[in-house]
Structure formats: structure tokens, C-alpha cells
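Below: one structure, written as C-alpha cells.
Please treat every number below as a calculation from the coordinates, not as lab data. Keep in mind it's a predicted model, so treat the numbers as computed, not measured. Please note: Cβ atoms are built from the backbone with ideal geometry, for glycine as well, and neighbour counts cover all protein chains shown.
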């Protein structure tokens with residue numbers, strides 16, 4: 001499966017992503033300082049608990065990720081703004097990242113809604129576009145379940161979510177193997193991806 005990470009530098013692709021999610025936003029690198037009891041992917045509940053203990057307030061914005069040579073991604077996120085006005089990242093990271101790239105978004109607050117990640121491909125390739133579209137479809141299915149974002153496990157009927165998860169894993173493995181739409185499909189059929197699984201996914205996603 002694919003792994004995104006904190007971008008090492010702020011390049012043109014990240015500036016385009018920032019302009020898309022919060023025009024004029026100013027990205028900042030923040031050290032990860034996990035709060036005791038804070039959970040991975042639970043930033044909103046983590047920050048609420050921190051505010052209740054120590055004051056300050058929740059600051060919403062976008063955590064920026066990068067899948068090198070594949071895509072950049074903005075995740076709706078919250079950090080703790082201390083009473084002195086300092087941004088602090090108190091949520092632990094799934095792969096142990098020591099810092100994050102965060103851009104505040106003064107227009108946004110969190111009210112329990114599901115907010116999909118915003119993804120931008122780094123090059124025009126059907127495999128990457130299909131990965132982005134399948135990832136979006138997964139969130140749409142989860143949203144229909146009525147489960148708020150960042151609130152633990154989501155209960156979705158297996159027949160709805162399993163084919164999408166399988167497609168996402170297949171695409172992630174293919175992209176990690178540096179396959180492109182004109183290369184032989186990962187399934188071993190001998191056909192190019194765009195003629196094999198690419199054709200089937202295009203019909204399904206339509």
C-alpha cells in the first residue's frame with residue numbers, strides 16, 4: 001500500500017495545492033509533540049481535550065502530504081493554538097513523522113462533518129487519476145454511513161467498501177511498482193493497464 005509523508009520542501013506543486021484549498025495560505029513546518037492520550041487520526045478530539053485542560057483554542061487548516069513523484073494531498077486537520085498564540089501539533093503520526101507541514105484556513109471550523117482529502121496528481125497518468133477517484137469514492141461511501149470524521153471505526157457494509165478498498169490497494173501497488181497506463185497490467189494479463197483493469201475501472205467509476 002502507498003505511504004504519503006511530510007514534504008521535504010515547499011515546491012510549485014504544493015503551492016498549487018495550497019492555492020486550491022486556501023488561496024493565499026501560509027504553510028508552516030511544525031514539530032510533532034504528541035499529547036499524552038492523543039490518538040492517531042483523532043486531531044479534533046485531541047485538540048478539544050487539550051483546550052479543556054490548558055485553554056487556548058482549536059485552529060483548523062490543512063496538513064500537507066506528498067507521495068513522491070505521484071501526488072500531493074491536503075488533509076483537513078486541527079492543531080492546538082496555545083493561549084500565547086503558538087501553533088502546536090499534538091496529534092501523533094501514523095508513520096512516526098517528526099514534523100508536519102500545516103497551512104491554517106481561517107474560513108474553516110470543524111462541526112463533525114466528513115471532509116475528503118484534496119489530492120493533485122504530479123503527472124497525467126490514468127493509474128494515478130484512478131487512484132484519486134477510487135479514494136474519493138471510498139470517502140463518499142463512508143460519508144453515507146453517517147460517521148463523523150475522526151471518530152474511530154466506520155461501519156460500512158462490506159459489499160460497498162470492499163471492492164473499492166481492493167481497487168485502491170491494487171492501484172497503490174501498481175504505482176509503487178512504477179507502472180504507468182501504457183505498461184502491462186499488474187494482474188499479469190499481458191494487456192496494457194489502460195486496456196485491462198484501467199478499462200474496467202473507467203466503466204465502474206463512470
Two decimals is fine: what is log10 I(q)/I(0) at q = 0.17 Å⁻¹ for the chain, from a Debye sum with one equal scatterer on every Cα and no solvent? -1.22
What's the extension gain from residue 182 to residue 106 if we count 0.36 nm per residue and subtract their Cα-Cα distance? 23.1 nm
Which value in Å does the Kirkwood hydrodynamic radius of the stretch 12-104 take, with 1/r averaged over all unlike C-alpha pairs and then inverted? 13.6 Å
Put in order of increasing Cβ neighbours within 10 Å, starting from the fewest, 178, 73 give 178, 73
Listing 187, 196 from the residue with the fewest other Cβ atoms within 10 Å to the one with the most, what is the order? 187, 196
Place a label point 7 angstrom from the Cα of residue 29 along the Cα-to-Cβ direction, then list the residues of the stretch 43-78 whose backbone nitrogen is under 12 Å away. none
Which residue, 124, 105, 31, tops the fluctuation ranking in a GNM of the chain built on C-alpha contacts under 10 Å? 124
